[in-house]
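Below is one structure, written out as structure tokens, with a few remarks after it.
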Amino acid sequence: MEKVRQWGTFPPFLADGHSHVSWPTTWSSSALPSEPADLLLGASLRRTKIVATVGPASQDPSTLRAMISAGMDVARIGCAHGNIDEHLLKYHAIRAAASELGANVGILADLPGPKVRCAPFPEGGVVFQDGADVRFTTGEDSSSIDVISSDYDQLVQSVEVGDQLALGDGNISFLVHDKSSEFLFGRVIRGAKAQGRPGLQVPSDRIRISTPTKEDLAFADAFIEEGIDMLAVSFVRSAHDIRSLGVEPSPRGPLIVAKIETRAAVDNLEGIITASDAVMVARGDLGVDYSISELPHLQKHIIRRCVARGLPVITATQMLESMVYAPTPTRAEASDVANAVFDGTSSVMLSGESAVGIDPVNAVATMAEITRRSDVAFPHEEWANTVSQVRESDGELGAAAITTDAITMSARRIAREVGARAIVCLSRTGYTVRSVSRFRPMVPIYGFSPDERAVRQLSLSWGTIASKTPERTQPEDMINDALGLLQEISDLAPGDRVVVISGHSTSTRATDTLRVMYLS
């Protein structure tokens with residue numbers, strides 16, 4: 001049976017752009033969709049990126065290296081638990097592991113946000129049964145199966161009868177059916193095991209805590225000083241919350257990821273998109289403000305709007321949840337991941353699966369296998385047409401944006417029509433690379449930048465293999481560097497055709513030059 005070559009994940013690169021690790025595998029050609037033969041190689045690469053949370057089960061150096069080798073593109077540090085010193089230790093451990101493997105791994109610090117946390121449950125946790133009665137209060141030192149205490153002192157006053165509350169990622173939910181001056185009286189709608197200090201999800205319009213919090217700002221300052229690549233802002237309600245973080249634009253500063261997890265964020269999505277660099281569809285918290293039947297449609301809407309505007313999108317929460325305890329996911333979870341890929345997400349995220357699960361490396365490898373197969377079947381042409389239509393309906397754009405839009409859209413089409421093997425993007429900030437990525441071309445996207453942080457930030461962008469090039473003053477020198485490096489880090493050979501897009505000078509703000517070139 002004929003075999004088609006593919007890679008388990010994009011080859012990771014050192015700062016000099018040289019590949020040091022690769023994972024060649026094979027895939028039966030009978031499993032691939034019916035695409036033109038010259039596009040099969042590009043289509044077989046894994047394009048959807050994997051964000052994996054680093055926690056107690058995965059923060060040792062050997063596990064981090066194994067997760068990177070299995071396919072982790074971005075490492076997430078969740079700041080809701082622990083102090084800044086503990087998180088900085090994780091940060092440096094990830095950097096060291098990536099450097100040791102020569103991998104381009106971005107790091108995302110997920111700021112705590114105005115989260116409501118429960119007082120700790122007994123060691124070993126408790127199991128809530130469907131239909132059981134529970135009281136909610138504040139100010140207690142511990143929680144139990146009968147009384148859940150939280151650190152939000154306005155909880156009883158803010159929540160109303162008929163509201164739903166949830167623990168953690170929403171796997172345990174309650175309906176409030178009565179209240180008094182001291183307690184909320186709830187009934188378990190969906191039961192499961194609770195342990196530690198899980199978050200208590202409260203409808204967003206009941207929370208009276210601003211974003212970002214003082215703790216968020218302190219965490220952000222510490223991470224920015226260390227050179228963090230991305231910061232995620234929790235409980236975003238409007239563009240004002242993003243601007244209040246007060247960071248420099250990327251890549252001088254980190255990419256700002258707005259977590260869409262409230263009804264207010266959905267209502268103000270367009271403004272948030274404008275103020276942010278990327279978004280996360282945080283389905284657990286969204287499930288408190290919206291019915292479960294609405295979530296799939298919200299996911300599709302948010303992904304489509306954000307990607308069309310050039311923002312990478314992370315789809316998160318309970319993607320392979322059963323792998324916290326089990327060696328394989330459920331069929332429904334595998335379908336959920338595949339559908340997120342078909343929705344157009346840039347990346348999928350592992351939370352507890354990699355942070356506290358029984359086998360973080362297996363969780364990453366499983367996610368890589370599912371997304372790789374789904375990427376092969378992705379409807380590229382249909383997606384590109386949809387994005388083009390959405391962009392046309394966005395109204396008036398600036399001159400630089402219009403030019404970049406036209407060039408990047410054309411790059412995808414021309415690459416297909418001339419049979420190019422890759423699209424090569426020269427971009428200092430990464431903006432041009434992300435602009436090409438949103439059209440989901442069938443051939444690989446190689447992004448080259450002299451800015452090291454920009455290269456790491458591109459680890460979040462769909463279909464992108466990013467490498468650092470030397471600082472140059474002339475565009476021709478930049479192109480020559482990029483094409484030379486391309487032949488070192490890929491299997492492209494002399495005579496192969498590529499589409500190259502760049503600016504006509506190093507000072508231009510727009511991507512205004514497109515060429516079809518042959519490797520020499």
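The values are calculated or read from the model by the stated rules, or taken from the named source; none is laboratory data. In this text the structure is predicted, and so the values were computed from the model without any measurement. Quick reminder, even Gly has a Cβ in these numbers, built from the backbone with ideal geometry, and neighbours come from all protein chains shown.
Couple of notes before you dig in:
- Inspection of the range 347-358 finds a residue satisfying the criterion of being buried (at least 21 other Cβ atoms within 10 Å of the Cβ), in contact (Cβ under 8 Å) with a residue 40 or more places away in the chain, of a type in the set (G, A, S) and more than 19 Å from T328 (Cβ to Cβ).
- The set of residues in the range 294-338 that are outside any helix (DSSP H, G or I) and either of a type in the set (F, W, Y) or under 26 Å from F439 (Cβ atoms) (or both) comprises R309, G310, L311, P312, V313, I314, T315, A316, M319, Y325.
- Residue, nearest to R206 (Cα to Cα), within the range 220-237, restricted to residues that are modelled with pLDDT of 95 or more and of a type in the set (A, V, I, L, M): V233
- Selection count, the range 103-158, where residues are at negative phi and in a loop (DSSP other than H, G, I, E, B): 28
- Listed here are the helices (runs of 4 or more DSSP H) enclosed by the range 369-473 that have at least 2 residues being within 21 Å of I303 (Cα to Cα): 380-392, 399-418, 431-437.
- Among the residues examined, G284 does not qualify as among the small types (G, A, S), without any contact (Cβ under 8 Å) to a residue 40 or more places away in the chain and not in a strand (DSSP E or B).
- Residues in the range 264-280 that are touching a Pro at 6+ places or on another chain (Cβ under 8 Å) and either modelled with pLDDT under 90 or surrounded by fewer than 19 Cβ atoms within 10 Å (Cβ to Cβ) (or both): none.
- Hits in the range 60-102 (condition: part of a strand (DSSP E or B) and touching a Lys or Arg at 6+ places or on another chain (Cβ under 6 Å)): I77
- For the range 212-235, the count of residues that are closer than 21 Å to V176 by Cβ and free of Cβ contacts under 8 Å to residues at least 60 places away in the same chain is zero.
- Within the range 281-298, the presence of a residue that is surrounded by fewer than 24 Cβ atoms within 10 Å (Cβ to Cβ) and more than 23 Å from D163 (Cα to Cα) is excluded.
- Close pairs (7 angstrom Cβ cut-off, 6 or more residues apart or separate chains): basic (K, R) in the range 424-441, modelled with pLDDT of 95 or more and assigned to a helix (DSSP H, G or I) anywhere: R428/A454
- Any chance F174 is within 28 Å of V324 (Cβ to Cβ), of a type in the set (A, V, I, L, M, F, W, C) and either in contact with a helix residue (DSSP H, G or I) (Cβ under 8 Å, 6 or more places away or on another chain) or not in a strand (DSSP E or B) (or both): no
- Filter result for the condition that a residue is surrounded by fewer than 16 Cβ atoms within 10 Å (Cβ to Cβ), at negative phi and not hydroxyl-bearing (S, T, Y), over V161, V176, V188, V233: V161
- Test: residue in the range 74-85 that is on the phi > 0 side of the Ramachandran plot and touching a residue at least 12 places away in the same chain (Cβ under 8 Å): no
- Count - residues of the range 433-476 that are of a type in the set (D, E, K, R) and crowded, with 24+ Cβ neighbours inside 10 Å: 4
- Of all residues making up the range 308-324, the number that are among the acidic types (D, E) and either closer than 18 Å to S459 by Cβ or within 11 Å of the chain's Cα centre (by Cα) (or both): 0
- Condition check for R206: modelled with pLDDT of 90 or more and of a type in the set (K, R): no
- On inspection, P475 qualifies as touching a residue at least 24 places away in the same chain (Cβ under 8 Å) and either in the same structural domain as R412 (by TED's automatic domain parsing) or small (G, A, S) (or both).
- Subset of the range 239-261 [buried (at least 19 other Cβ atoms within 10 Å of the Cβ), in a loop (DSSP other than H, G, I, E, B) and either of a type in the set (G, A, S) or within 18 Å of the chain's Cα centre (by Cα) (or both)]: S250, P251, P254, E261
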